[in-house]
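Taking it in order: structure first as structure tokens, then the write-up.
The values are calculated or read from the model by the stated rules, or taken from the named source; none is laboratory data. This structure is a prediction, so every number in the text was calculated from the model and none was measured. Don't worry about glycine lacking a Cβ; one is built from the backbone with ideal geometry, like all the others, and counts go over all protein chains shown. Ligands, DNA and RNA are excluded from the accessible area calculation, which covers all protein heavy atoms including side chains. Shrake-Rupley method; radii C 1.70, N 1.55, O 1.52, S 1.80 Å.
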Amino acid sequence: MTRKLFGTDGVRGRANTHPMTAEVALRLGAAAGRYFRRDGSAAHRVLIGKDTRLSGYMLENALTAGLTSTGMNVLLVGPVPTPAVGFLTRSMRADLGVMISASHNPHQDNGIKFFGPDGFKLSDEAEAEIEAILEGEVRLAQAENIGRAKRIEDGRGRYQEFVKTSFPAGLRLDGLKVVVDCANGAAYKAAPEVLWELGAEVIALGVSPNGTNINDRCGSTHPETAAEAVVAHGAHVGISLDGDADRVMILDEQGRVADGDQIMALFAARWAEEGRLQGGTLVATVMSNLGLERFLDARGLRLERTAVGDRYVVEAMRKGGWNLGGEQSGHIVMTDYATTGDGLLAGLQFLAEMVRTGRPASELVRQFDTVPQMLKNVRFAAGAKPLEVASVKAVIAAGEARIAGKGRILIRKSGTEPLIRVMAECEDPRLLESVVDEIVGAVEAAV
């Protein structure tokens, strides 16, 4: 069974344009409600969280209407990070969790992600079944069985207390000056409060959401904002989150950026030393740098690669029994603590390492030398299939031949935006640039 509506991370698109309309959200809510009420029992609940986008109000109400129409009782927790929805769904014994967010995308976009009762994102198969229900006639509840909606006022507080339990007992952040950029998104209250409660001196950025400024020149996709603040305030470290706070970039005291690969290398090496790294394996996607793989090999550890998307990282981790994984983009998944990527939790683990070792961030964020890597995106129109064009295939094949033995090429369609992503790694920077530019040029000519 294939999926048409769902992408690599739920349903996503431009607000008030198919599929991110109130009508589709209502039907999607009803279909999801029916999927989780197939056993016919009466007591069913679903938890809904969101980030700070203006369109979140519209989608929240539409989803609530659809879900209650099938007899689901809805718990509304308001703006919370995506990992909070995973945690609260399991903690509050809900049958389903929903996060309304388009993550790092601009405010015009939005998305809907589903979590199962175990707090993990739904499988491709479950999403396909929900789509199949949506495409048919959704069976609604009898009038007396329509669900209720209730707002949960302390959902964020529950999540904050949980996140603090991941920070090692006996350690505090006293004396550390920390810049945290919340991207005017879902963690705009949670992240600064947690850091302050653990003893840090907090310089908070991106904490004034207005519905349209989420990810706007701030957050993990614009780490230069936090970098400038780190240098200006003489901070020890910066933590830059994205709009739904499931990913993080770390800035050292000089404002230099460390991506997810460097952070995963740090955690993997530490956990291996402590005997905590299950199976001696780190799970990452095909986008992670070759330097990370070499770093792990040198320590007798292995890298398990997956398709792009933190959900595929988590699926591989669960299947293999591994407990650490993530993406170069900053999703860090630690299943000892959470069911999905958690930027704040990862930031706390990095701060704990600073406190434990007494080493500055600049030493901790440079775990390995990266192999030169280049990524360029080409936007394409709906319906276009540039990767199927013969001339594009020929240029890609030629590029692969030129770079063989010196690096690798990865070309894929984005699962969240109409983009072709052209990525390559090569020890020879000039050859790398030449190969990427040729492929990008061919794709651009085909769109």
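All but one of (1) in contact with a Leu (Cβ under 9 Å, 6 or more places away or on another chain); (2) surrounded by 19 or more Cβ atoms within 10 Å (Cβ to Cβ); (3) among the hydrophobic types (A, V, I, L, M, F, W, C) hold for residue 59; which doesn't?
Every condition holds for residue 59 apart from (1).
Just for helices (runs of 4 or more DSSP H) wholly inside region 1-107: which have at least 2 residues that are under 23 Å from the mean Cα position of the chain (by Cα) and in contact (Cβ under 8 Å) with a residue 60 or more places away in the chain? First the steps, then the outcome.
Numbers: elements: 22-35, 55-69, 82-91.
Helices (runs of 4 or more DSSP H) meeting the threshold: 22-35, 82-91.
Within region 26-47, is there a residue that is basic (Lys, Arg) and open to solvent by less than 10 Å² (accessible area, probe 1.4 Å)? If you could, list the steps in order and put the result at the bottom.
From region 26-47, those basic (Lys, Arg) are 27, 34, 37-38, 45; that's our starting set.
Then keep just the ones that are open to solvent by less than 10 Å² (accessible area, probe 1.4 Å); that gives none.
So far as region 26-47 goes, no, none of its residues is basic (Lys, Arg) and open to solvent by less than 10 Å² (accessible area, probe 1.4 Å).
Give 125, 153 a once-over and let me know the one that is open to solvent by 40 Å² or more (accessible area, probe 1.4 Å) and either over 25 Å from residue 243 (Cβ atoms) or of a type in the set (Val, Ile, Thr) (or both).
Working: 153 fails: either over 25 Å from residue 243 (Cβ atoms) or of a type in the set (Val, Ile, Thr) (or both).
Answer to the check: 125.
Given region 254-353, what strands (runs of 3 or more DSSP E) lie entirely inside it while holding 2 or more residues that are open to solvent by less than 10 Å² (accessible area, probe 1.4 Å)? Step through it out loud before you land on a result.
On the way: elements: 281-285, 302-306, 324-326, 332-334.
By residue number, 281-285, 324-326, 332-334.
Report the residue count in region 221-249 for those that are on the phi > 0 side of the Ramachandran plot and surrounded by fewer than 21 Cβ atoms within 10 Å (Cβ to Cβ).
1
Could you say which residue among 128, 141 is assigned to a loop (DSSP other than H, G, I, E, B), of a type in the set (Gly, Ala, Ser), farther than 22 Å from residue 214 by Cβ and more than 20 Å from the chain's Cα centre (by Cα)?
Numbers: 128 fails: assigned to a loop (DSSP other than H, G, I, E, B).
Just a single option satisfies the conditions, and that option is 141.
If you scan region 380-416, which residues turn out to be open to solvent by 40 Å² or more (accessible area, probe 1.4 Å), part of a loop (DSSP other than H, G, I, E, B) and farther than 21 Å from residue 291 by Cα?
381, 382, 383, 385, 389
As an exercise: evaluate residue 64 against (1) surrounded by 24 or more Cβ atoms within 10 Å (Cβ to Cβ); (2) in contact with a strand residue (DSSP E or B) (Cβ under 8 Å, 6 or more places away or on another chain); (3) among the β-branched types (Val, Ile, Thr) and give the number of the one condition it does not meet.
Residue 64 satisfies all of (1) surrounded by 24 or more Cβ atoms within 10 Å (Cβ to Cβ); (2) in contact with a strand residue (DSSP E or B) (Cβ under 8 Å, 6 or more places away or on another chain); (3) among the β-branched types (Val, Ile, Thr) except (1).
Go through 344, 364, 351 for me and flag whichever is modelled with pLDDT of 95 or more, within 30 Å of residue 117 (Cα to Cα) and within 29 Å of the chain's Cα centre (by Cα). Please lay out each step first, then the result.
On the way: 364 fails: within 30 Å of residue 117 (Cα to Cα); 351 fails: within 30 Å of residue 117 (Cα to Cα).
From the options 344, 364, 351, the qualifying one is 344.
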